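Notes follow once the structure below has been shown.
Read the figures in this text as sums done on the coordinates, not as results from a lab. In this text the structure is predicted, and so the values were computed from the model without any measurement. As a convention, Cβ positions derive from the backbone with ideal geometry for all residues, glycine included, and neighbour counts pool all protein chains shown.
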């Protein structure tokens with residue numbers, strides 16, 4: 001679905017800034033051409049709609065009647081004296097970006113206070129109209145979240161109150177599926193299709209250490225079953241209480257390999273029924289167009305590093321249209337059963353590490369991959385990251401164990417998205 005952004009121009013009839021008797025139509029014509037070019041060349045599936053001109057308070061009532069179903073608002077303060085108009089736009093509750101070019105008005109000065117009030121608003125105070133693209137991307141992320149479903153597989157299902165709050169906050173729908181439904185799909189998978197999927201993994205691996213071909217075929221069947229389930233439910237993400245369900249012999253195979261494949265394809269697969277990490281991977285994954293690596297962090301203050309380890313990793317950490325990293329087919333380390341991957345991520349790569357805590361705080365840090373430890377301790381895929389201050393991270397750790405690692409530096413985008421989704425960003429380390 002296309003992201004719709006409403007254009008709104010604000011300018012009083014008798015301004016003081018940028019000058020007396022200023023004709024706002026000149027700026028509007030210029031901006032319309034710029035936005036048409038941005039829509040054409042931005043790379044996002046967006047549509048600028050509207051083009052409302054607000055000059056007096058009564059114009060707001062007309063806007064409210066006609067605004068329609070839009071994902072965001074892009075407002076321009078072309079003169080001074082439009083503070084009341086802008087406040088009423090923000091109060092609509094639609095994610096709003098104010099573009100305030102130099103010598104227009106002073107409304108940029110009110111935005112920080114609005115954000116502290118919990119309003120969904122951000123401001124670009126700049127002469128560079130190309131900066132609009134950075135905020136268009138974030139409104140597109142918000143639209144994608146509203147169209148996202150998470151399949152949650154755990155005995156007893158999801159907490160309804162939590163699922164309701166997630167829907168209200170982010171627009172993401174969480175649907176509970178009984179584990180036996182997945183087992184039924186697993187049992188219905190075509191054996192030949194599973195063998196072909198298994199052979200794809202086998203033929204592209206550096207080597208196989210523990211699992212047999214039969215075990216890899218079972219994991220391939222699990223992938224095909226989960227993929228069918230996502231298609232049937234119209235979902236883009238899945239998280240499963242995998243450790244418990246496998247140990248209880250409910251699941252016939254671990255979903256580790258399935259999650260790796262889903263993440264390579266641009267979908268989201270997260271282990272341990274961890275909804276916080278799933279939401280983190282969706283939010284930042286939509287920003288970056290890259291999968292996340294959910295990890296158990298290991299802090300080493302002696303080397304000022306954090307090792308991120310888990311038995312589920314995408315091979316295409318650069319995104320689904322990029323080349324995969326080398327991998328070794330291994331067992332799940334904690335019980336030496338099933339199939340997982342030991343992915344050799346890129347040395348020297350800068351990473352962003354994050355975790356959504358509750359629904360109102362995003363923990364975040366950055367690091368640089370300096371190694372992929374190959375030791376028989378900890379989960380199969382491991383990356384050692386150099387961080388700013390490992391001791392500080394240790395002393396201030398919060399939000400549970402898991403963190404989600406992404407290739408690239410996405411801190412600024414995460415901060416700016418927080419203004420539109422009303423979460424605060426807390427730096428770790």
Dividing the mean separation of Cα pairs under 8 Å (6+ apart) by the residue count of the stretch 5-72 yields a relative contact order in percent of 53
Against the longest principal axis of the chain, how steep is helix 179-188, in degrees 0 to 90 to the nearest 10, with axes from Cα atoms? 70
Under the classification rounded if a/c is under 1.5, otherwise prolate if a/b is larger than b/c and oblate if not, where does the stretch 163-297 fall, given a ≥ b ≥ c as square roots of the Cα gyration tensor eigenvalues? prolate
Find the relative contact order for the chain and round it to a whole percent, using C-alpha pairs within less than 8 Å whose residues are 6+ positions apart. 13
Note: residue 160 to residue 13 extended length (0.36 nm per residue) minus current alpha-carbon separation gives 47.8 nm
Roughly what % of DSSP beta bridges within the chain run antiparallel, to the nearest 5? 45
The extension gain from residue 64 to residue 233, computed as 0.36 nm times the residue separation minus the Cα-Cα distance, is 57.4 nm
How many percent of all Cα-Cα pairs in the stretch 229-345 sit more than 23 Å apart? 30
Give the order of 290, 137 when sorted by the count of other beta carbons within 10 angstrom, beginning with the fewest. 137, 290
Please state the relative contact order of the stretch 3-144 as a whole percent: Cα pairs under 8 Å, 6+ residues apart? 30
Enter the per residue convex hull volume of the stretch 26-103, computed from alpha-carbon coordinates, in Å³ rounded to the nearest integer. 102
Cα convex hull of the stretch 304-395: mean projected area in nm², to one decimal? 7.5
Using the 2.2 N^0.38 Å rule of thumb for compact globular proteins, work out how the stretch 198-257 stacks up: its C-alpha Rg over that value, please. 1.23
Candidates 172, 183, 375; GNM for the chain (alpha-carbon contacts under 10 Å) flags as most fluctuating 375
When you count, for each residue, the other Cβ atoms within 10 Å and take the mean per peptide, how do 383-392, 260-269 rank with the highest first? 260-269, 383-392
Ranked from highest to lowest mean number of other Cβ atoms within 10 Å per residue, what is the order of the peptides 235-247, 296-308? 235-247, 296-308
Once the mean 1/r over all distinct Cα pairs of the stretch 148-427 is inverted, what Kirkwood radius in angstroms do you read off? 18.9
By counting other Cβ atoms within 10 Å of each Cβ, how are 140, 360, 69, 190 ranked from fewest to most? 69, 190, 360, 140
Percentage of interatomic Cα-Cα distances in the stretch 3-144 larger than 28 Å: 10
Rough spin-label spacing in nm, given labels placed 7 Å along Cα→Cβ, for residue 425 and residue 296: 3.0
If you average the C-alpha positions of the stretch 315-335 and of the stretch 1-63 separately, how far apart do those two centres end up, in angstrom? 46
Tell me, in nm to one decimal, what length is gained between residue 191 and residue 337 on full extension, where the rule is 0.36 nm per residue of separation less the Cα-Cα distance? 50.5 nm
Estimated inter-spin distance, residue 88 and residue 207, nm [label 7 Å along Cα→Cβ]: 7.2
By count of other Cβ within 10 Å, fewest leading, how are 188, 127, 277 ordered? 127, 188, 277
